[in-house]
1. On the basis of being in a loop (DSSP other than H, G, I, E, B), at pLDDT 95 or above and surrounded by 13 or more Cβ atoms within 10 Å (Cβ to Cβ), does residue 20 make the cut?
2. Taking segment 1-25 as the search range and keeping residues that are touching a strand residue (DSSP E or B) at 6+ places or on another chain (Cβ under 8 Å) and away from the ligand (no atom under 16 Å from the Cβ), which one is nearest to residue 56 (Cα to Cα)?
3. Of all residues in segment 39-60, count the ones that are among the acidic types (Asp, Glu) and surrounded by 15 or more Cβ atoms within 10 Å (Cβ to Cβ).
4. Against the condition surrounded by fewer than 14 Cβ atoms within 10 Å (Cβ to Cβ) and in contact with an Asp or Glu (Cβ under 6 Å, 6 or more places away or on another chain), how does residue 36 come out, does it pass?
5. Checking residue 62 against (1) at pLDDT below 95; (2) touching a helix residue (DSSP H, G or I) at 6+ places or on another chain (Cβ under 9 Å); (3) not polar (S, T, N, Q), which test does it fail?
6. Which of the residues spanning segment 31-66 are in a strand (DSSP E or B), within 11 Å of residue 13 (Cβ to Cβ) and either more than 10 Å from the chain's Cα centre (by Cα) or within 16 Å of the ligand (Cβ to nearest atom) (or both)?
7. State yes or no: is residue 9 surrounded by 12 or more Cβ atoms within 10 Å (Cβ to Cβ) and of a type in the set (D, E, K, R)?
8. Mind checking which pairs have a first residue in segment 28-55 that is closer than 14 Å to residue 4 by Cα and a second that is of a type in the set (Gly, Ala, Ser), Cβ under 7 Å, 6 or more apart or different chains?
Amino acid sequence: MEKSYELHDIVEMKKQHPCGTNSWEIIRMGADIRIKCQGCGQLILMPRREFERKMKKVLHKAADKD
Ligand SMILES: [Zn+2]
């Protein structure tokens, strides 16, 4: 399964956030990835490897035009 993701993409994780939303924006990319819950705004930082394991799919590419 290809997991191609970029800064500002909106992604779905394998587990939804306790607030009931499963939509996250990638707001920082490096050795660690920082994502922001689109429901409640909580920020979560995790190592890239963990992020790739927990991320289910990209919902919306930042580069896409609406
Ligand atoms: Zn949330």
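The values are calculated or read from the model by the stated rules, or taken from the named source; none is laboratory data. Computed from a predicted model, the values in this text were never measured in an experiment. Virtual Cβ from ideal backbone geometry, glycine too; neighbours counted across all protein chains shown.
1. Values: in a loop (DSSP other than H, G, I, E, B): yes; at pLDDT 95 or above: yes; surrounded by 13 or more Cβ atoms within 10 Å (Cβ to Cβ): no.
Answer is no for this residue.
2. 3
3. At the first step, the residues of segment 39-60 found to be among the acidic types (Asp, Glu) are 50, 52.
Next, only the ones that are surrounded by 15 or more Cβ atoms within 10 Å (Cβ to Cβ) stay: none.
Adding up the residues that qualify gives 0.
4. On the way: surrounded by fewer than 14 Cβ atoms within 10 Å (Cβ to Cβ): no; in contact with an Asp or Glu (Cβ under 6 Å, 6 or more places away or on another chain): yes.
So residue 36 fails the test.
5. Of everything listed in (1) at pLDDT below 95; (2) touching a helix residue (DSSP H, G or I) at 6+ places or on another chain (Cβ under 9 Å); (3) not polar (S, T, N, Q), residue 62 misses just condition (2).
6. Once the filter is applied, which keeps residues that are in a strand (DSSP E or B), within 11 Å of residue 13 (Cβ to Cβ) and either more than 10 Å from the chain's Cα centre (by Cα) or within 16 Å of the ligand (Cβ to nearest atom) (or both), segment 31-66 yields 35, 37, 44, 46, 55, 56, 59.
7. Working: surrounded by 12 or more Cβ atoms within 10 Å (Cβ to Cβ): yes; of a type in the set (D, E, K, R): yes.
It is true that residue 9 is surrounded by 12 or more Cβ atoms within 10 Å (Cβ to Cβ) and of a type in the set (D, E, K, R).
8. The qualifying pairs are 48/31.
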